[in-house]
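Note sheet for the following structure.
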Amino acid sequence: MEHIHREILDRRRNNRGLPPYRAKLIPEVTEILAQYFAHIRPGAVVSGVRRVGGGASKEQFFFTLSQDGKDEPFLLRMDPRSAITETDREREFVLLKAMQGIVPVPEPVWVDAKGAFFPQAAAIMRVVGGVTKPSLSGVKVSGLGTWLGPDLRLKLRDQFLDYLVAIHAYDWKSANLPGYDVPDADPKQAARWSFNYWAEMWRVDEGATRPVIALAEQWLADNLPDTAELVMTHGDYRTGNYLFDEESGQITALLDWELARIGDFHEDLGWVLMKVFGTIDADGTFRASDLFEREEFIREYERRSGRTVNRKTLHYYDVMSSWKTTVIVAANGLAAARSQHNHQDVLLTFLAATAPMFADDLVRLLSQGDNQ
């Protein structure tokens, strides 16, 4: 696996025996930020710190930084002790820098990758306006079963797909991306690295096996596909992970790049097409991220990217996506909640109850075999 993923796994193991984690209070965060900026920007004043709702992996806070008569809004993203997805702040920071001008992303400004100033690793970026779901969609986990409606769907769908094509077209070979290993030893290495990481993550957090997980893991190990072309993948591309202006329907920022890697574009497609991230109409019509029907999405991706989607490879990543999300909710999130190492233990426990949905999808997908 990638060296940074090995470090993440080791860190997660080492943190298991640590005391419970307590969410930081507003005065504490204000003081931490004040001390940080006293070091890197003397004279700057921190004010208006407030916690950001949503998200299941990071503590996030809006704040204002004032200096020389200028007020600037920023967002602090700070790791808890353990998260539902364990990631690396510096790696995310590097890629957000690289994606400036390629696709709309928040601008990263400062990073404390080792937690030298903050209690845990943290990054600070400029605030981008927008919402992740329609204001009338009610209280739900962003991205799960989101209903956009026909008007927003029409405004968002082309942007959504075109930005994914742009990410996959990014010239990573010419970029300086420290922290990103290239799986080029053999054609199966990209799939193997992803499989190895998530299989080990299950063992770190779950310990015991479950029949459907064991079956899926064996099938994935036996059917590793070749990767014909290495691209930059987003890793968590779906509705709920982008901001948009609700009135115009303009996407203002693509979010949550923490799972990005150099790999197979089919891995992103399998994630986009997951049923849990989509909508099923009363007539049974499924739309991925409530934007495209499955075959329509595949055809349009092929047309706009110039690539040919290998249906057997896509099926592999369909299976991997459902398996991966089962690992995330049933092992990673629940372990973080049980150990009291996360500020959203109630939400993580709630998300663990979605594991049977992914298990059911695994059964459906594995029953298909290689027949598409």
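The values are calculated or read from the model by the stated rules, or taken from the named source; none is laboratory data. Bear in mind that the values here come from a model prediction, so they are computed numbers and not experimental data. Heads up, the Cβs are rebuilt from the backbone with ideal geometry, glycines too, and the neighbour counts pull from every protein chain shown. For accessibility, only protein heavy atoms count, side chains too; no ligands or nucleic acids. Shrake-Rupley method; radii C 1.70, N 1.55, O 1.52, S 1.80 Å.
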TODO: Starting from the Cα gyration tensor of the range 1-138, take the square roots of the eigenvalues, sort them a ≥ b ≥ c, and report rounded, prolate or oblate (rounded when a/c is under 1.5, otherwise prolate if a/b is larger than b/c, else oblate).
DONE: rounded
Open item on the list: Using the basic label-point model (7 angstrom from Cα toward the beta carbon), what is the E293 to D245 distance in nanometres?
Closed with: 3.2
Task: Ranked by how many other beta carbons lie within 10 Å on average, peptides 294-303, 156-165 from highest - done: 156-165, 294-303
Task: Only Lys, Arg (+1) and Asp, Glu (-1) charged, at Cβ; the chain dipole about Cα centre in debye - done: 740
- [ ] Take the solvent-accessible surface of the protein heavy atoms, probe 1.4 Å, and return the percent of it on the range 23-136 that carbon and sulfur atoms account for.
- [x] 54
Open item on the list: What is the percent carbon and sulfur in the accessible area of the range 220-296, measuring with a 1.4 Å probe over the protein chains and ignoring ligands?
Closed with: 44
Task: Separation of the F117 and F350 label points, Cα + 7 Å toward Cβ, nm - done: 3.4
- [ ] Name the residue farthest towards the positive end of the dipole of the chain from the options P73, A185, A359, assuming +1 on Cβ of Lys and Arg, -1 on Cβ of Asp and Glu, about the Cα centre.
- [x] P73
Open item on the list: Helix 355-367 against the longest principal axis of the chain: what's the angle in degrees, Cα atoms only, rounded to the nearest 10?
Closed with: 30
TODO: May I ask you to list the lysines whose Cα is less than 19 Å away from that of K114, ignoring any residue fewer than eight positions away on the same chain?
DONE: K24, K58, K97
Open item on the list: Under the rule a/c < 1.5 gives rounded, and otherwise a/b versus b/c splits prolate from oblate, where does the range 133-285 land using the Cα gyration tensor?
Closed with: oblate
- [ ] Multiply the residue gap between W110 and R311 by 0.36 nm, knock off their C-alpha separation, and tell me the result in nm, one decimal place.
- [x] 68.2 nm
Open item on the list: Positive end of the dipole of the chain, charges at C-beta (+1 Lys, Arg; -1 Asp, Glu), about the Cα centre: which of H315, G149, Q35 has its Cα farthest in that direction?
Closed with: Q35
TODO: For A228 and S174, compute 0.36 nm times the residue count separating them, minus their Cα-Cα distance, and round to one decimal in nm.
DONE: 17.5 nm
Task: Å² per residue, accessible surface of the chain at 1.4 Å - done: 42
- [ ] State the answer as a single residue: which of W257, A288, S305 lies farthest towards the positive end of the charge dipole of the range 236-309, with beta carbon charges of +1 for Lys and Arg and -1 for Asp and Glu, about the Cα centre.
- [x] S305
